[in-house]
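I have placed the structure first, in the form of structure tokens, so that the comments after it can refer back to it.
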Amino acid sequence: MTWNIAVLPGDGIGPEVTTQALRVLRAAAERHGIELTISEALVGGAAIDAVGEPLPEATLTLCKRSDAVLLGAVGGPKWDGLPGHLRPERALLGLRKELGLFANLRPVTVHPALMAASTLKPEALRGVDLVVVRELIGGLYFGEPAGIEMRDGEEVGFNTAIYSTSEVTRIARVAFDLARLRRKKVTSVDKANVLAVSQLWRKVVTAVHAAEYADVELEHLYVDNAAMQLIRRPADFDVIVTGNLFGDILSDEAAMLTGSIGMLPSASLGGSVALYEPIHGSAPDIAGLGLANPLATIASVAMLLRHSLRAEAAASSVERAISAVLDAGYRTGDLLIGADPAGAGARLSTSEMGSRVIEQLAADPDPATAPTDPIHASVV
């Protein structure tokens, strides 16, 4: 079987990190006997410049016909003055909605070699291995009505936070199913002491747990407390499930546990075609300089192999290669911030980091005997 992969490099550092991720994907596929056909398309600001819209119909059609989508990043100050419906970020929202990607998985694993890169004390970071399950096509980002209008002589901006029972039920099941493969604990995050939409969220999550997942521990946290506990006791979390806005914020906070947002991959699942991307932005200030960290995008390739291609051995081999490179002391610049210069290894460019990961892939155990990582198995 040949797998069709759509690649949307996007803007800023997007093309740089996706180039390295594709190098790793091809190397892993060759080593594990996976046949690929890779097609690229425009998205975001690059698409606006070329055809006048952030998500061209040709791009959407390619994605729908593919087995998986790999995306780099979108956006930048060049397009900040455009109307809202033409902003590069609308491409992300459009892809999520059109592909039905309601479940966004954002794993957060602290590599022991990177503890010095985090601003937290090492004792707080030991054992951190959590997943943020973010509902992706509801809540404030998609709720209607929304807009800016004149009221009583002044502009008023408004958005609608809305979730239905069915939307909360399906994302809760993803979280509980994932927890069953891990440490059997789910933390549901809301603001039920203030928001009606969160009161429904908590009610539904509680009901799903009682009816179907009594073997999984469930705790509820208000989002402000969750933000504090994520820094205070991060190793206590296993699976965090929450809405679109809270998930966006908390996962960016969790990125700092790893030492850099350049370390966090993501998988957007739930539809017929899944989308994989790093959670970082387009970083236009360093675009084209070879400074970007490609490891989040490379780790997103591991998630693509696992969830869409069902190639667990290949996915685990990519993750082991990333760990081996970090254990050997190799770093991009973002991972050296806050680290002890005397203990830091070689500073690599974006392409050099990609090459190091490929070298480690080649040194990985034989695919037939290599261990896999069941705790990060696919659930959707």
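The values are calculated or read from the model by the stated rules, or taken from the named source; none is laboratory data. This one's a predicted model, so the numbers in the text were calculated from it and none came from an experiment. Note: ideal-geometry Cβ built from the backbone for every residue, glycine included; neighbour counts use all protein chains shown. When the accessible area is computed, the model is the full protein with side chains, heavy atoms only, and any ligands, DNA or RNA have been set aside. Shrake-Rupley method; radii C 1.70, N 1.55, O 1.52, S 1.80 Å.
Filter region 220-231 down to the residues that are open to solvent by less than 40 Å² (accessible area, probe 1.4 Å) and touching a residue at least 24 places away in the same chain (Cβ under 8 Å) and list them by number.
Those that are open to solvent by less than 40 Å² (accessible area, probe 1.4 Å) and touching a residue at least 24 places away in the same chain (Cβ under 8 Å): LEU221, VAL223, ALA226, ALA227, LEU230.
Please verify whether SER349 is modelled with pLDDT of 95 or more, surrounded by 14 or more Cβ atoms within 10 Å (Cβ to Cβ) and over 30 Å from ASN4 (Cβ atoms), treating the condition exactly as stated. It would help to see each step written out before you state the result.
On the way: modelled with pLDDT of 95 or more: yes; surrounded by 14 or more Cβ atoms within 10 Å (Cβ to Cβ): yes; over 30 Å from ASN4 (Cβ atoms): yes.
Considered against the rule, which asks whether it is modelled with pLDDT of 95 or more, surrounded by 14 or more Cβ atoms within 10 Å (Cβ to Cβ) and over 30 Å from ASN4 (Cβ atoms), SER349 comes out as yes.
For GLY100, all conditions in the list (1) touching a residue at least 40 places away in the same chain (Cβ under 8 Å); (2) over 25 Å from LEU178 (Cβ atoms); (3) small (Gly, Ala, Ser) hold save one; what is the number of the exception?
All conditions are met except number (2).
Identify the single condition in (1) exposed (fewer than 15 other Cβ atoms within 10 Å of the Cβ); (2) modelled with pLDDT under 95 that SER118 does not satisfy, given that it satisfies every other one.
So SER118 meets the others, but not (1).
Tell me which residues, restricted to region 85-100, are closer than 24 Å to PRO294 by Cα, surrounded by fewer than 23 Cβ atoms within 10 Å (Cβ to Cβ) and among the hydrophobic types (A, V, I, L, M, F, W, C).
Correct list: LEU93 only.
Out of all the residues in region 31-58, which are over 19 Å from LEU304 (Cα atoms) and assigned to a helix (DSSP H, G or I)?
GLY44, GLY45, ALA46, ALA47, ILE48, ASP49, ALA50, VAL51, GLU57, ALA58
Output the number of residues of region 250-276 satisfying the condition of being more than 16 Å from VAL131 (Cβ to Cβ) and of a type outside the set (Gly, Ala, Ser). Steps first, please.
Going through region 250-276, the residues more than 16 Å from VAL131 (Cβ to Cβ) turn out to be 256, 259-262, 271-273, 275.
Subsequent filtering for residues that are of a type outside the set (Gly, Ala, Ser) retains 256, 261, 273, 275.
Going through region 250-276 one residue at a time, the tally reaches 4.
Here is a list: GLU212, GLU253. Which entry is within 20 Å of GLY139 (Cα to Cα) and surrounded by fewer than 24 Cβ atoms within 10 Å (Cβ to Cβ)?
From the options GLU212, GLU253, the qualifying one is GLU253.
Can you pull out the residues in region 76-97 that are under 25 Å from LEU25 (Cα atoms) and either among the small types (Gly, Ala, Ser) or without any contact (Cβ under 8 Å) to a residue 12 or more places away in the chain (or both)? Spell out how you get there, then give the answer.
At the first step, the residues of region 76-97 found to be under 25 Å from LEU25 (Cα atoms) are 91-92, 95-96.
Result: ALA91, single match.
If I filter region 182-190 for residues that are out of contact with any strand residue (DSSP E or B) (no Cβ under 9 Å at 6 or more places or on another chain) and outside any strand (DSSP E or B), do I get at least one hit? Full working, then the answer.
Taking region 182-190 and keeping what is out of contact with any strand residue (DSSP E or B) (no Cβ under 9 Å at 6 or more places or on another chain), we get none.
Within region 182-190, none of the residues are out of contact with any strand residue (DSSP E or B) (no Cβ under 9 Å at 6 or more places or on another chain) and outside any strand (DSSP E or B).
Are any residues in region 121-139 at pLDDT 95 or above and surrounded by fewer than 19 Cβ atoms within 10 Å (Cβ to Cβ), and if so, which ones?
Correct list: ASP129 only.
Kindly indicate the residue of region 283-295 that is buried (at least 24 other Cβ atoms within 10 Å of the Cβ) and touching an Asp or Glu at 6+ places or on another chain (Cβ under 9 Å) and also nearest to ARG96 (Cα to Cα) among those meeting that condition.
Here the answer is PRO294.
Identify the residue in region 52-84 that is loosely packed, with under 14 Cβ neighbours inside 10 Å and farther than 22 Å from HIS280 by Cα and, among all such residues, is modelled with the lowest pLDDT.
Selected residue: PRO83.
Could you figure out which of (1) open to solvent by 40 Å² or more (accessible area, probe 1.4 Å); (2) under 22 Å from ARG31 (Cα atoms); (3) at pLDDT 95 or above isn't true of HIS307?
(1)
Hey, can you tell me all the residues within region 158-176 that are closer than 19 Å to HIS220 by Cβ and either part of a helix (DSSP H, G or I) or in contact with a strand residue (DSSP E or B) (Cβ under 8 Å, 6 or more places away or on another chain) (or both)?
Passing the criteria: TYR163, THR165, GLU167, VAL168, THR169, ARG170, ILE171, ALA172, ARG173, VAL174, ALA175, PHE176.
Among the residues of region 307-321, which ones are over 14 Å from the mean Cα position of the chain (by Cα) and not hydroxyl-bearing (Ser, Thr, Tyr)?
Hits for region 307-321 are LEU309, ARG310, ALA311, GLU312, ALA313, ALA314, ALA315, VAL318, GLU319, ARG320, ALA321.
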